[in-house]
Amino acid sequence: MGKRVIDGLTLGSMSLFEQVSHVAPYDCLITDKSALFVVKKGMLHKSLGKDGSSIKRLKEKLGRNVWIVEHSANIEVFIKGLMSNIQITSVNEQDGIVYVTVPMRYRGLAIGKDGEIIKRNRDAVKRLYNKDLKLITK
């Protein structure tokens, strides 16, 4: 597991997440534009709320886009959950680096505006698994 530092903003966001969703988050990553909450396996649907109500309320209160993903001991399963809106061709791990291959047409979605999504995903993988994430497009 990577280094997990819980600062005041992260702690407050995790507390708010629990109040809104009634699910204790496993971890949380906050960026300028988004908040990524990691929940324990099996808790994703409960944490979303009816018709996404929890996400809507959190987005409003945090002023950021909100992402929720299930934690997994298997890094490939975690990455596929993290990038669930993208078709992933393969996930391979070698020498502490996880290579994720996506079709060229999904490159923009995988990277995000100003690299926000790939940076968030890299930070999550580093924080939870102490591995680097590299994106390959074909």
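Within the stretch 128-135, one or more residues are over 27 Å from Met14 (Cβ atoms) and modelled with pLDDT of 95 or more.
Return yes when Ser47 is hydroxyl-bearing (Ser, Thr, Tyr) and touching a strand residue (DSSP E or B) at 6+ places or on another chain (Cβ under 6 Å) and no when it is not. Answer is yes for this residue.
Residues that are among the basic types (Lys, Arg) and touching a residue at least 24 places away in the same chain (Cβ under 8 Å) were ranked within the stretch 107-123; the one that is nearest to Ser90 (Cα to Cα) is Arg107. Scanning the stretch 90-131 for residues that are closer than 24 Å to Ile30 by Cα, surrounded by fewer than 17 Cβ atoms within 10 Å (Cβ to Cβ) and aliphatic (A, V, I, L, M) gives Ile97, Leu109.
Working only within the stretch 39-51, note down all residues that are surrounded by fewer than 22 Cβ atoms within 10 Å (Cβ to Cβ) and outside any loop (DSSP other than H, G, I, E, B). Within the stretch 39-51, Leu44, His45, Lys46, Leu48, Lys50, Asp51 qualify. Looking across the stretch 17-38, the residues that are farther than 15 Å from Asp123 by Cα, buried (at least 19 other Cβ atoms within 10 Å of the Cβ) and not aliphatic (A, V, I, L, M) come down to Phe17, Ser21, Pro25.
Mind counting the residues in the stretch 84-102 that are within 19 Å of Lys138 (Cα to Cα) and touching a strand residue (DSSP E or B) at 6+ places or on another chain (Cβ under 7 Å)? Summing the residues that are within 19 Å of Lys138 (Cα to Cα) and touching a strand residue (DSSP E or B) at 6+ places or on another chain (Cβ under 7 Å) in the stretch 84-102 gives 13.
Go through the residues of the stretch 58-66 one by one and say whether even a single one is crowded, with 19+ Cβ neighbours inside 10 Å and part of a strand (DSSP E or B). Yes, because at least one residue in the stretch 58-66 is crowded, with 19+ Cβ neighbours inside 10 Å and part of a strand (DSSP E or B).
Exactly one residue out of Gly63, Gly12, Gly52, Gly42 is closer than 22 Å to Ile111 by Cα, more than 15 Å from the chain's Cα centre (by Cα), not assigned by TED's automatic domain parsing to the domain that holds Gly108 and not hydrophobic (A, V, I, L, M, F, W, C): that is Gly63.
If you go through the stretch 74-106, how many residues are aliphatic (A, V, I, L, M), free of Cβ contacts under 8 Å to residues at least 40 places away in the same chain, in a helix (DSSP H, G or I) and closer than 16 Å to Lys131 by Cβ?
At the first step, the residues of the stretch 74-106 found to be aliphatic (A, V, I, L, M) are 75, 77, 79, 82-83, 86, 88, 91, 97-98, 100, 102, 104.
Those still in the list that are free of Cβ contacts under 8 Å to residues at least 40 places away in the same chain too: 77, 83, 86, 88, 91, 97-98, 100, 102, 104.
If we keep only those that are in a helix (DSSP H, G or I) as well, we get 77, 104.
Of the ones still in play, those that are also closer than 16 Å to Lys131 by Cβ are 77.
Looking only at that region, the number is 1.
Among residues of the stretch 10-27 that are modelled with pLDDT of 95 or more, those with a Cβ under 6 angstrom from a residue that is surrounded by 16 or more Cβ atoms within 10 Å (Cβ to Cβ) and assigned to a helix (DSSP H, G or I), sequence gap 6+ or separate chain, pair up as Val20/Ser54; Val20/Arg57; Val20/Leu58; Ser21/Ser47; Ser21/Ser54; Val23/Ser47; Pro25/Met14; Pro25/Phe17.
The values are calculated or read from the model by the stated rules, or taken from the named source; none is laboratory data. None of the values given here were measured: they were computed from a predicted structure. Positions of Cβ are backbone-derived with ideal geometry, glycine not excepted, and every protein chain shown enters the neighbour counts.
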